[in-house]
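Just below is one structure, and these are the notes that go with it.
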Amino acid sequence: MEKQERLNEIVEPLISWYQQNKRMLSWRENKDAYCIWISEIMLQQTRIEAVKRYYERFMQELPTIKALANVSEARLLKLWEGLGYYNRAKNLQKAAKMIEENYGGKMPTTYAELIQLAGIGEYTAGAIASIAYNERTPAVDGNVLRVISRVLASEKDVLLPETKKEITRMMKELMKRQGEDFQAGDFNEGIMELGELICLPNGEPNCKQCPLQKQCIAYQKDLTQELPIREKAIKRKEEYYTIFLLISKNHKIAIRKREKKGVLQGMYEFPNYKGNIDTLLEIEKILRQWKLQMINIKNIGEYQHIFTHITWNMMAYKINIEKEDEEFIWVSKEQLEKEYALPTAFKKIIGKQKSVI
């Protein structure tokens, strides 16, 4: 059977399965383009179950494009705290301002317009256009690549751009062939849902529950463990940092704003130095540079945080300070929790301390 014909056969069972089994999620309730957009950006690099609470908190405070466009960056990043990849939040606001300026505050209604917005690529534009407006445009993510690769028993590396390009082309042709009552959004969400719940990436996929058994060559030939083909993961760069949890006599914690470049740009952090600093003399020298006088010091352990291409290895010290200095922003524990966006890399350090102050 020709590839395109085989793909054509997945449409009906997939949409039927999705409509009967889809999870009830807030952003699926009314096909509102703004809700879909926010959810899709949050779902990049993050699973649905983890996104739910962040989405509810975000939408409660920023229910409209106008609210998103006008919120302060500090508050925006605080609302995004815990989701990581903070440029996603910044691009959301850039796009909201573009919508306010160029579209009268209303979401664009076509793929061609959506893809012009900051932070919206082919997948996100396809998802919004198909789900909100039923435009026949694919939304190809990792779930779609995996499902289609198994259905066709493709041995092409799904991490290569040309593989994604070919599958996108086939999906466009598939959608083009469908009748007038074709539900593009349900079809795209159906493949993504299947990849999330049934056609799993690691371990044993739940093939016995899959609606595409008859169409899936990988299932029929027992190739689901071998497919899809993926190249070896990129080796991450290792970086080493010494982190200082500085506590003043007034029970305030020292933080500072990161530079507007590199990872976690523009967010807040605990004072730190690149490299391992493990002698008291070195630490005292750094404190003098910051015009701080130490009362006592405690090594509070080693921590690791993994980014996409970098691994941070961190040694942390808790240091009680005689008095505060203008070098840093000094905040209470409550302020740190409610007002300042502290990346997970640094939250790990404070989170394991039974008592910070």
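The values are calculated or read from the model by the stated rules, or taken from the named source; none is laboratory data. This one's a predicted model, so the numbers in the text were calculated from it and none came from an experiment. For neighbour counting, all protein chains shown are included, and Cβ atoms are generated from backbone atoms with ideal geometry for every residue, glycine included. Ligands, DNA and RNA are stripped out before the accessible areas are found, and what is left, the full protein with its side chains, is counted by its heavy atoms. Shrake-Rupley method; radii C 1.70, N 1.55, O 1.52, S 1.80 Å.
When residues of the range 101-120 are filtered for being under 25 Å from Tyr85 (Cβ atoms) and either in contact with a helix residue (DSSP H, G or I) (Cβ under 6 Å, 6 or more places away or on another chain) or of a type in the set (S, T, N, Q) (or both), how many remain?
So the count comes out to 10.
Within the range 311-330, restricting attention to residues that are buried (at least 18 other Cβ atoms within 10 Å of the Cβ) and among the aliphatic types (A, V, I, L, M), which residue is nearest to Tyr241 (Cα to Cα)?
Met314
Six or more apart or on different chains, Cβ under 8 Å: which pairs go from a residue in the range 3-25 that's farther than 16 Å from Ser149 by Cα and among the aliphatic types (A, V, I, L, M) to one that's at pLDDT 95 or above and buried (at least 16 other Cβ atoms within 10 Å of the Cβ)? Could you list them?
So the pair list comes out as Ile15/Gln183; Ile15/Asp186; Ile15/Phe187; Ile15/Gly190; Leu25/Ser39.
Tally up the residues in the range 99-118 that are touching a residue at least 40 places away in the same chain (Cβ under 8 Å) and open to solvent by 40 Å² or more (accessible area, probe 1.4 Å), please. Reasoning before the result, please.
To start, the set of residues in the range 99-118 that are touching a residue at least 40 places away in the same chain (Cβ under 8 Å) comprises 105-107, 109.
If we keep only those that are open to solvent by 40 Å² or more (accessible area, probe 1.4 Å) too, we end up with 106, 109.
So the count comes out to 2.
Restricting attention to the range 253-299, which residues are open to solvent by 60 Å² or more (accessible area, probe 1.4 Å), free of Cβ contacts under 8 Å to residues at least 60 places away in the same chain and of a type in the set (Lys, Arg)?
Hits for the range 253-299 are Lys260, Lys261, Lys274, Lys285, Arg288, Lys291, Lys298.
Taking the condition of being outside any helix (DSSP H, G or I) and of a type outside the set (Val, Ile, Thr), how many residues in the range 21-58 meet it?
Within the range 21-58, residues that are outside any helix (DSSP H, G or I) and of a type outside the set (Val, Ile, Thr) number 11.
For residues that are under 18 Å from His251 (Cα atoms) and in a loop (DSSP other than H, G, I, E, B), tally how many sit in the range 309-332.
Step one: list which residues in the range 309-332 are under 18 Å from His251 (Cα atoms), which gives 317-332.
Then drop every residue that is not in a loop (DSSP other than H, G, I, E, B), which leaves 322-328, 332.
Looking only at that region, the number is 8.
Could you please find all residues in the range 57-71 being loosely packed, with under 13 Cβ neighbours inside 10 Å and touching a residue at least 24 places away in the same chain (Cβ under 8 Å)?
Correct list: Thr64 only.
What are the residues in the range 151-165 that are under 25 Å from the mean Cα position of the chain (by Cα) and more than 23 Å from Thr46 (Cβ to Cβ), if any? Please lay out each step first, then the result.
So the first thing to find is which residues in the range 151-165 are under 25 Å from the mean Cα position of the chain (by Cα), and the list is 157-165.
Passing the criteria: Asp157, Leu160, Glu162, Thr163, Lys165.
Can you name every residue in the range 33-43 that is in contact (Cβ under 8 Å) with a residue 60 or more places away in the chain and either open to solvent by 60 Å² or more (accessible area, probe 1.4 Å) or under 10 Å from the mean Cα position of the chain (by Cα) (or both)?
First, the residues of the range 33-43 that are in contact (Cβ under 8 Å) with a residue 60 or more places away in the chain: 33-34, 36-37, 40-41.
Matches in the range 33-43: Glu40, Ile41.
Restricting the search to the range 127-144, which residues are at pLDDT 95 or above and out of contact with any helix residue (DSSP H, G or I) (no Cβ under 6 Å at 6 or more places or on another chain)?
Tyr133
What number of residues in the range 161-207 are of a type in the set (Phe, Trp, Tyr) and surrounded by fewer than 21 Cβ atoms within 10 Å (Cβ to Cβ)? So that I can check it myself, show each step before the final result.
Initial filter on the range 161-207 (of a type in the set (Phe, Trp, Tyr)): 182, 187.
Still in the list and also surrounded by fewer than 21 Cβ atoms within 10 Å (Cβ to Cβ): 182.
Total meeting the criteria: 1.
For the range 215-232, indicate whether the set of residues that are surrounded by fewer than 17 Cβ atoms within 10 Å (Cβ to Cβ), farther than 15 Å from Ile10 by Cα, in contact (Cβ under 8 Å) with a residue 12 or more places away in the chain and of a type in the set (A, V, I, L, M) is non-empty.
yes
Assess whether Ala74 counts as being over 30 Å from Lys348 (Cα atoms) and touching a residue at least 24 places away in the same chain (Cβ under 8 Å).
It is false that Ala74 is over 30 Å from Lys348 (Cα atoms) and touching a residue at least 24 places away in the same chain (Cβ under 8 Å).
Which numbered condition in (1) farther than 16 Å from Gly185 by Cβ; (2) open to solvent by 40 Å² or more (accessible area, probe 1.4 Å); (3) among the hydroxyl-bearing types (Ser, Thr, Tyr) is the only one that Tyr54 fails?
Failing condition for Tyr54: (2).
Could you grab the pairs with beta carbons closer than 8 Å, sequence gap of 6+ or different chains, first residue in the range 169-194 and free of Cβ contacts under 8 Å to residues at least 40 places away in the same chain, second one assigned to a helix (DSSP H, G or I)?
Listed pairs, sorted by first residue: Met175/Ala184; Met175/Phe187.
Would you point out which residue out of Tyr18, Tyr55 is of a type in the set (Ser, Thr, Tyr), in contact with a helix residue (DSSP H, G or I) (Cβ under 9 Å, 6 or more places away or on another chain), more than 23 Å from Gly121 (Cα to Cα) and modelled with pLDDT of 95 or more? Give the steps one after another, and end with the answer.
Working: Tyr55 fails: more than 23 Å from Gly121 (Cα to Cα).
Only one candidate passes the filter, namely Tyr18.
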